[in-house]
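Notes follow the structure.
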């Protein structure tokens, strides 16, 4: 699976043959052509390219961090660092018996509040519908927001979560990663908070380096001693 | 045009052009991807004496809203020449020529960019010509495709562009300012090498059908040279040099 990784740019032929084109590739005759700058992944019957650049495009079931930008009497609008705004209906927060007359939306969420949300529905005809009615979702009361490039989120999580576990264990911080590249870090000790933020920024800057987990570990430990 | 241009030798008996190039030799080309922090994608090109900077934003919200399209994203291109880009100060207001070139570049990029993936959004391409020396539209188009790729906008292929032309009854590659002024024909060509499609073809001048075919052939081959440099620019930025 991993043995055929290759760097590609738009127009490069990824492979030829009977493969199913998945993300960021198009089929032209029997050639599979990349449409973005990225790293190829060839599976038994399908091909995809992991992008290295670009905006966040919402996907159903993604966890995102959003910032409330405005509200109407029925819904909030969230900035989810994408080309579309997240749409959060008031019923999702107040429950089924929500009444536009009786309930004041600002009593729950104000402009500027950070929210952990999940993309409930998204298609090309409408703005993404987000929900906060689930465990671990909802308004974020404490923590610092760190913005990284959305294409580097998988690197921050690491293989089976190794990278993020390393950072969390070394700093005792609680880190919430939104797929849209926004990360909330909260930690009881100020040093741990600073270190965790530094580590996240380091991953963002050095995402292409091979043994990054070790480097991050080293950085976290060296700071702890001094 | 004064008497000097009329007597200038555009092509000598050894097949050497007025700036010392061979007939099928492009000018020195340098492309750099990235460089602007605040734009989503950017590129800088030096194409002979041309110096052009391109910044790309998007996909992003469309303003004014009525311009948006529910079926697809839209592409907006602004080609602009700085007042200091030419010998005599150029009025910075968009001229007839700049509006036309903006449209031409937009239409040359549209077949490459897969905007249908982002309905109701806009991709903005801002092209600033810092220094002009003939063939800016080709250089700008080449740089704009690199900037779009840098911004992560899905593309079928990058568009490479170069001009072919005719001076002293000979078909040449990469027309410079002098050859454009005093030559017989100028044909800018935009080409997607991987999918083998031409996206821009203009012609100013008179060519016989045979010369026309020769010009297209020479131009397409020139585009492949530009294409390799575009790929190199992106490889350098994202993967370091030498890797692939």
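Figures for the structure shown
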item	result
Cα long-axis angle, helix B:96-109 against chain B (0 to 90 degrees, to the nearest 10)	70
Alpha-carbon gyration tensor eigenvalues x 5, square-rooted, for chain B, Å	31, 20, 17
Per-selection Kirkwood Rh - the stretch B:43-149 (Cα, Å, 1 d.p.)	14.2
Cα-based radius of gyration of the protein assembly as shown once divided by 2.2 N^0.38 Å, which approximates compact folds	1.15
Helix-only mean residue ellipticity at 222 nm for chain A, each DSSP H run of n ≥ 4 adding -39500 (n - 2.57), per residue, nearest 500	-6500 deg cm²/dmol
Ascending count of other beta-carbon atoms within 10 Å, so fewest first, for A:79, A:62	A:79, A:62
Kirkwood hydrodynamic radius over Cα pairs of the stretch A:2-51, then Stokes diffusion coefficient at 37 °C and 0.692 mPa s, in µm²/s	321
Residue-averaged [θ]222 nm for chain B, counting only DSSP H segments that reach four residues, each worth -39500 (n - 2.57)	-9500 deg cm²/dmol
Rg/Rg_ref, the stretch B:98-153, where Rg_ref = 2.2 N^0.38 Å and atoms are Cα	1.17
GNM result for chain A, Cα springs below 10 Å: residue of A:153, A:85, A:25 fluctuating most strongly	A:25
Shielding score for A:27-39, defined as the mean number of other chain Cβ atoms within 10 Å	4
Candidates B:105, B:162, B:16: whichever shows maximal mean-square fluctuation once chain B is modelled as a Gaussian network with Cα springs under 10 Å	B:16
Angle between chain B longest axis and helix B:209-239 axis [Cα atoms, degrees, rounded to 10]	50
The stretch B:137-191: mean projected area of Cα convex hull, nm²	3.8
Peptide A:45-57, shielding by other chains (average Cβ, 10 Å cutoff)	3
Inter-part distance where the stretch A:187-225 and the stretch A:107-164 are each reduced to a Cα centre, Å	22
Fluctuation leader among A:97, A:204, A:123 - chain A, Gaussian network, Cα springs under 10 angstrom	A:97
Computed over the stretch A:78-222, Kirkwood Rh from alpha-carbon pairs, angstrom	16.8
Hydrodynamic radius of the stretch B:117-209 per Kirkwood, over alpha carbon pairs, in Å	14.7
5 Å-binned pair-distance histogram of the stretch A:148-202 (Cα, whole percent)	4, 23, 34, 26, 11, 2
Projected area, mean over directions - the stretch A:63-140, Cα convex hull, nm²	5.0
Exercise: per-residue mean of other protein chain Cβ atoms within 10 Å, B:110-118	2
Alpha carbon centroid spacing (whole Å) that separates the stretch A:18-72 from the stretch B:12-79	26
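Each reported figure results from applying straightforward, stated rules to the coordinates on display, with no laboratory input. Note that the structure is predicted; figures quoted are calculated from it, not measured. Here the Cβ is made from the backbone with ideal geometry for all residues, glycine too, and neighbour counts use every protein chain on show.
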